[in-house]
1. In whole Å, how far is the Cα centre of the range 156-235 from that of the range 2-19?
2. Taking the Cβ-Cβ separation of R7 and A191 as r and a Förster radius of 45 Å, what is the calculated FRET efficiency to the nearest 0.05?
3. How far is it, in nm, from the label point at L14 to the one at E87 when both lie 7 Å from their Cα along the line to the Cβ?
4. Work out, step by step, the length gained on full extension between T243 and E125: first 0.36 nm times the residue separation, then minus their alpha carbon distance; give nm to one decimal.
5. Sequence-distant or interchain residues sharing an amide H contact under 5 Å with V209, placed H: which?
6. Using per-residue counts of other Cβ atoms within 10 Å, averaged over each peptide, order 213-225, 108-120, 134-146 from highest down.
7. Applying a 10 Å radius around every beta-carbon, put 194-206, 12-24 in order of their mean neighbour count, most first.
8. Angle between the Cα long axis of helix 217-226 and the longest principal axis of the chain, 0 to 90 degrees, nearest 10?
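The values are calculated or read from the model by the stated rules, or taken from the named source; none is laboratory data. Just so it is clear, the structure is predicted and the values come from calculations on it, not from any experiment. We place every Cβ from the backbone using ideal geometry, glycine too, and count neighbours over all the protein chains shown. Note: accessible area is taken over every heavy atom of the protein model, side chains too, but ligands, DNA and RNA are not part of it. Shrake-Rupley method; radii C 1.70, N 1.55, O 1.52, S 1.80 Å.
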Amino acid sequence: KTSTLLRAVAARVLRDSLDPASVLVLAPSRVAAAGLRSRMARALTVAGAAALLEPPARTAASYAFSLIRRHALAVGQPSPQLISGPEQDVILADLLAGHAEGDGRLPIWPEQVMPALRLRGFRHELRDLLMRAMERGVDPDELARLGRVHRRPVWRAAAVVYREYLQVTALSTPGAYDPAAIVDHATALLADDARLLAAERARWRLIAVDDHHESGEALARLLDQLAPPGTDLLVFGDPDATTQSFRGAQSR
């Protein structure tokens with residue numbers, strides 16, 4: 001799949017004189033993106049195109065962050081920052097410790113969960129739940145609704161923590177984004193700014209996605225914005241090879 005993607009991109013650049021800067025190649029991980037960049041540069045060099053800039057290959061999160069940063073600079077907003085995993089853990093630890101002491105709006109945790117509130121393992125599972133919700137565009141209200149529908153009281157309690165978490169990060173670090181939600185933020189930005197959307201659609205003459213079976217709904221929504229009908233879009237995937245479903249990948 002990847003070799004076919006590379007040949008297709010090289011053909012467009014070398015045969016059709018497509019500007020490499022107008023090619024967007026998305027990969028499911030930083031390691032895969034780095035490998036694609038290296039192989040693209042090598043393929044073009046072998047074909048006699050050493051003077052060309054190497055085509056950009058990146059993760060969807062990297063592209064989304066770049067888009068948000070460029071927009072922030074253009075409108076005079078603070079440069080965005082990504083919240084790291086350890087920072088997420090500290091915020092959740094503080095919130096849960098406060099709840100254990102009776103501070104703030106208290107989530108109604110099931111009785112069997114209460115002893116675990118101060119445990120690192122529980123905190124990591126809670127963070128995973130919130131990150132998966134963010135990746136799917138599920139906000140605190142929707143998470144609470146899903147908890148009621150599916151009779152998951154833990155989800156309803158987690159929705160309270162989710163709302164507090166978003167409020168705390170917005171106040172303490174303006175312009176901070178969770179990696180799990182960065183693609184959805186970029187998609188929303190494109191949907192809300194017609195000029196930015198038109199500029200991005202004009203910027204990319206070819207969009208190629210490798211290992212799309214490792215993508216989630218967030219990338220699908222982003223592609224809906226970037227690649228309307230008629231866009232030169234190549235998508236490669238193998239639904240039998242999905243390994244990142246625990247992070248929201250959906251082979252369908």
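1. Using only Cα atoms to place each centre, the spacing works out to 26 Å.
2. FRET efficiency, R7 to A191: 0.85.
3. 4.3 nm
4. 40.6 nm
5. Here the answer is L26, L234, V235, F236, since their amide H atoms fall under 5 Å of that of V209.
6. Peptide ranking by packing, descending: 213-225, 134-146, 108-120.
7. Descending mean neighbour count gives 12-24, 194-206.
8. 40 degrees
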